[in-house]
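Structure record follows, encoded as structure tokens.
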Amino acid sequence: MADRSVDVLLVGGGTASASCAQELRAAGFSGSVLLVGRELDPPYQRPPISKAYFLGESTKDEAFLPVGDDVEVMTRTSVMKLDPEARVATLSSKEEVSFGKALLATGANVRRLPIDGTDLEGVHYLRVLRNATSLREDVAGVDRVCLVGGSFIACEVAASLATLGIASTLVFPEEHPLSIQFGAQVGAWARSLLESKGVEILSGEQVARLEGDGEDVQRLVCASRRTVECQAVVIGVGSVPDVMLARSSGFELGATGGVRCSATLQTVGSPDVFAAGDMCEYESLQHGRAVRIEHHEVAAAQGRCAARNILGGDEPFTEVPYFWSDLADWATLESVGPAVDGWDSEEVLGSFASGAFTVRYLREGRLVACMTCGRGDDLEAARAELAERP
Ligand SMILES: Cc1cc2nc3c(=O)[nH]c(=O)nc-3n(C[C@H](O)[C@H](O)[C@H](O)COP(=O)(O)OP(=O)(O)OC[C@H]3O[C@@H](n4cnc5c(N)ncnc54)[C@H](O)[C@@H]3O)c2cc1C
């Protein structure tokens, strides 16, 4: 016998769980809903961690996400085991909770860089709110911060640091920042924007190790032996889906490392357990294959879709994935897609020189993704075009 019973159990205290809880209530569901999250805080949005919250321009309260009325939120509590057959979850408090339906929304963890020196003082990863607070404390008064990675987090933090008047160096193996996501043309534009604001860019470099004097980080050393003196380091080299619970509970994992789900976000083999957000690998009708997306709006939309299906719907998740990234108040990049199998040509609207441009990514002549800086109408047109499929 379980210690208690709930109608819907939401595992994970992030965006996907919060939006699922809210949608359940918005749809008029009056049954019991329990949201279990292992963090100190109730659900909050992560995008401000590298932007407004880090800059001190927004507060923690502003980051909190609504969860709907009468939703029980347990913080500092992990779900340690979930038996989908018996529909019982075991919490870190040892309590056993039986459930009618459940949502797995355990998100992702930062990808750790397997090099020496990452345990030195002053080395940071960014995933939770308090990471931003401790980074902010560590960069006060330093000469230079090194950012490892050429993707969104590293570029956003470089822009935030420049806003604070702190010098930084971005180090990554590609030719340009953001080129993996958006190609060489956008990459070259992002590079010149960052450089024009004083960010130093070391491209084509692999970081070999971090060195310190005593316990504090003092320099970054590249495989080429190039070194950069710095007093803080931020590592932004991606994330990995958090499937620890899903794996130990016997859920099937897919090629992207996420929990395999149908188009309706039901986990394979356990249709009463749904998944959403960064750890959900769903059969995308739009992409024609299984995909996993790590974007805020997608996690929120999947949470809502899962809620409607928990309540008996049979709705495939067909929303066109949308993502945005802010480089300080200099530029907001927005995209729809993504081009999961790559692209073979790019069509540019507007001009990079003016700072207002759109890139349409095509594969065999067909639109697969689109990004824009300052031309929202182009993005909406691309979103509509992508939504028409299949
Ligand atoms: C610094 C940063 C900036 C970002 N900026 C942007 C942006 O500008 N635009 C954008 O689109 N996206 C951005 N993202 C990505 C976006 O935040 C994520 O896609 C989104 O948070 C995913 O939501 P989620 O609910 O799947 O997972 P999460 O928000 O990661 O929530 C999962 C939660 O589950 C908890 N958990 C894990 N296992 C258990 C367990 N067994 N029991 C209980 N709880 C558990 C975790 O601790 C975590 O709190 C950013 C991410 C970061 C880290």
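The values are calculated or read from the model by the stated rules, or taken from the named source; none is laboratory data. Quick caveat: nothing in here was measured; it's all calculated off a predicted structure. No Cβ is skipped: glycine too gets one built from the backbone with ideal geometry, and neighbour counts run over all protein chains shown.
Observations on the model:
- Residue that is surrounded by the most Cβ atoms within 10 Å (Cβ to Cβ) [pool: residues in the stretch 242-265 that are assigned to a loop (DSSP other than H, G, I, E, B) and of a type in the set (S, T, N, Q)]: S249
- Considering the stretch 266-279, the residues that are in a strand (DSSP E or B) and not hydroxyl-bearing (S, T, Y) include one that is nearest to the chain's Cα centre (by Cα), namely A275.
- G68 meets each of the listed conditions (1) within 14 Å of the ligand (Cβ to nearest atom); (2) within 16 Å of L9 (Cα to Cα); (3) of a type outside the set (V, I, T) apart from (1).
- You will find that of D116, D143, D138, the residue that is in contact with a Leu (Cβ under 8 Å, 6 or more places away or on another chain) and acidic (D, E) is D116 and no other.
- Filter pass, V221 being touching a residue at least 12 places away in the same chain (Cβ under 8 Å), surrounded by fewer than 21 Cβ atoms within 10 Å (Cβ to Cβ) and among the hydrophobic types (A, V, I, L, M, F, W, C): yes
- Here is the figure for the stretch 1-56: residues that are on the phi > 0 side of the Ramachandran plot and within 13 Å of the ligand (Cβ to nearest atom) total 1.
- Scanning the stretch 326-349 for residues that are surrounded by fewer than 20 Cβ atoms within 10 Å (Cβ to Cβ) and among the polar types (S, T, N, Q) returns T332, S345.
- Spans of strands (runs of 3 or more DSSP E) in the stretch 18-115 with at least 2 residues more than 23 Å from P271 (Cβ to Cβ): 71-74, 108-110
- Residue check, E205 away from the ligand (no atom under 16 Å from the Cβ), surrounded by 14 or more Cβ atoms within 10 Å (Cβ to Cβ), more than 17 Å from G149 (Cα to Cα) and not basic (K, R): no
- Scanning the stretch 325-346 for residues that are assigned to a strand (DSSP E or B) and over 23 Å from S284 (Cβ atoms) returns D326, L327, A331, T332.
- A residue that is assigned to a loop (DSSP other than H, G, I, E, B), modelled with pLDDT of 95 or more and among the basic types (K, R) can be found somewhere in the stretch 286-305.
- When F317, F323 are checked against the criterion of being among the aromatic types (F, W, Y), within 13 Å of the ligand (Cβ to nearest atom) and either over 15 Å from the mean Cα position of the chain (by Cα) or surrounded by 15 or more Cβ atoms within 10 Å (Cβ to Cβ) (or both), F323 stands alone in meeting it.
- Residues of the stretch 306-333 that turn out to be among the charged types (D, E, K, R) and touching a Cys at 6+ places or on another chain (Cβ under 8 Å), as a count: 2
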